[in-house]
Amino acid sequence: MLPAQSSLAESVDGDDVRSEDGGDERRGERPGGHYYCLYLYYQAGGVLQERADEDEGGSSTMDTPGGEDFSLSLVDTNLAVEAEPKLRSFIAKRLSRGAMFEGMGNVASVDLGSPEYTLGCYYCLIQGKTEERTEPGPPSPEHIICFLGGSEKGLDLFRLELDSHVEALKNKLEPEMADLDSEVRPHLSSWFEDSVLPIHRVVNLFQEKLAYLLHAALSYTPVDVISSTEKTQNDISRFLSSASLQGLVQEGTMTSLCIAMTECQQRAVTVDFKDGQPELVNAVSNRFCEDWMQVFINAYDGGSPFLFRQKLENFKLKVIQDMNNLKRLIRQAESSHYALFRCYNFLKNCGNGDILLQIVKVEHAEMPEARSVVKVLEEFIREEGFSVHSS
C-alpha cells in the first residue's frame, strides 16, 4: 500500500472511532428518529396567558418549576407525550443554571426515558417579534426551540446550519401563534430535511461525479448550477461550503486562492440538470478526491446523514494534515536539496498535489526563500504534470 493510500485508510478508519457514540450511527439513523419542540418562555414579571389546544396530543401544557422565577409553556412538539416532560425538565435545569443565552444555540445529549430516546438535542433561546411600546409593561415572552435527533456529536456537526434554521424562524414567532399551522409548525418540522440531509442528497445525486465537487470545493473553483430546482441548487451550495477549507486556513489565503484558481482555470464548473442527472462541464478531479468519493459511495447504503458530515470533516482534516506536512518539507528544502526531493515525491504521491501546491504558492508569495522552493517544484512538476482528470 502506498503511503498516501495508507494515510487515507487511517483517516477513514479513524472516522468510525470519532463519529457519533457507537455502532447505531454507522448502521443507519438512530432508532429515535428526529423531533422538534417549541416552548414559550416567561421570566419573572411576565404574565402567562391560557392557550387553546394547539397540538394533537391534547391541551397545551404549562409548567413552572418549583422555586424558579420563570415558566415554560409548551407550544408545539412531535415528541411522544411521555417524553416531552423529560425534555422540559432538561431545559428548565439549563435555565436555572443560567446556561442559556439569547441567540446562542447549544447541543447536548438528552435522556428521554429509554435507550432509543437518548438523543442529541440542539436548543436555542430566541426573542420573537417585538413591537415598540409607548408604556412600560411586563417583559416580552421569549421562545426556546429544541431539535432532537442522532447523537450529541452528530448534531453538533450541524450547529451552524441549525443556527440559520432558527434565525429564519424568528419573525414568524409571536405570543398568539396565529401562524402556527401555516408557517411555524412546517418550519419546525423541516429542520432535519433542510439542515441535515443536503449532504446526503448530494452524495446520492452525484455518485461517482462527487469527486469533481470535492475538487471544486478545495480549489474554490466557482460552480454554476443550471436547469435545476432551487432546492438542489441550495443543496450543492451547502455541500461546497461544507467541503471547503473556509475557517481552516487564513482568510487572506482563501481570498488569494479564489483569485488564483479563477484566473488559472479561466472558467467556472457548470453543472447542468437538463436531463434530470448532473452533467459537468469544465470540471477537474484528482486521485485524492476520487479516493474520498469512493469512501462516500461505499458508506451511502448504511451511513446516516450525521456520519456523512463526519466523513466530510475528516476529508478536510486530511487535506490540512497534508498541507502542513508539505509546508514543513518546504521549510527544510530552503537549506536541503534532499528535502526538496522529498517535497517533489510528496506532491507526486499524495494525489492532491495540484491543490496543495497552489495553496502553498499563495501562502508563501511574500516569503522569498520559500517562494523560490515553490518555483523549483513547479518547474519539476511541469514536465510530468499532476494526475488530474477532466469531466
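The values are calculated or read from the model by the stated rules, or taken from the named source; none is laboratory data. Because the structure is predicted, anything quoted here is derived from the model rather than measured. Neighbour counts are summed over all protein chains in view; Cβ atoms, including those assigned to glycine, are modelled from backbone coordinates with ideal geometry. For the accessible areas, the whole protein counts, side chains as well, though only heavy atoms, and no ligand, DNA or RNA atoms are used. Shrake-Rupley method; radii C 1.70, N 1.55, O 1.52, S 1.80 Å.
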Just checking, does region 106-128 include any residue being at pLDDT 85 or above, part of a strand (DSSP E or B), open to solvent by 70 Å² or more (accessible area, probe 1.4 Å) and touching a helix residue (DSSP H, G or I) at 6+ places or on another chain (Cβ under 8 Å)? yes
Here the residues within region 311-324 that are more than 11 Å from Val360 (Cβ to Cβ) and either over 32 Å from the mean Cα position of the chain (by Cα) or not acidic (Asp, Glu) (or both) are Lys311, Leu312, Asn314, Phe315, Lys316, Leu317, Lys318, Val319, Ile320, Gln321
Name every residue in region 329-361 that is acidic (Asp, Glu) and either surrounded by 23 or more Cβ atoms within 10 Å (Cβ to Cβ) or over 20 Å from Leu317 (Cα atoms) (or both), in order of residue number. Glu334
Taking Ala370 as meeting all but one of (1) modelled with pLDDT under 85; (2) assigned to a helix (DSSP H, G or I); (3) surrounded by fewer than 16 Cβ atoms within 10 Å (Cβ to Cβ); (4) not aromatic (Phe, Trp, Tyr), write down the number of the exception. (3)
Within region 211-236, can you find the residues that are touching an Asp or Glu at 6+ places or on another chain (Cβ under 9 Å) and among the aliphatic types (A, V, I, L, M)? Ala211, Leu214, Val225, Ile226
In region 173-189, what count of residues is obtained for those that are open to solvent by 30 Å² or more (accessible area, probe 1.4 Å) and in contact with a Phe, Trp or Tyr (Cβ under 8 Å, 6 or more places away or on another chain)? 1
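Scanning for something open to solvent by 60 Å² or more (accessible area, probe 1.4 Å), in a helix (DSSP H, G or I) and under 19 Å from Glu84 (Cα atoms), does region 153-163 turn up at least one residue?
Within region 153-163, none of the residues are open to solvent by 60 Å² or more (accessible area, probe 1.4 Å), in a helix (DSSP H, G or I) and under 19 Å from Glu84 (Cα atoms).
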How do the pairs read when you match residues in region 72-98 that are assigned to a loop (DSSP other than H, G, I, E, B) with residues anywhere that are open to solvent by 40 Å² or more (accessible area, probe 1.4 Å), using Cβ under 7 Å and keeping only pairs 6 or more apart or on different chains? Asn78/Ser189; Val81/Gly57; Glu82/Gly113; Ala83/Gly113; Ala83/Tyr117
Restricting the search to region 156-191, which residues are farther than 18 Å from Ser241 by Cα and hydrophobic (A, V, I, L, M, F, W, C)? Val166, Ala168, Leu169, Leu173, Met177, Ala178, Leu180, Val184, Leu188, Trp191
Please pick out the residue among Val249, Val269 that is surrounded by 14 or more Cβ atoms within 10 Å (Cβ to Cβ), of a type outside the set (Ser, Thr, Tyr), over 11 Å from Tyr220 (Cα atoms) and at pLDDT below 95. Val249
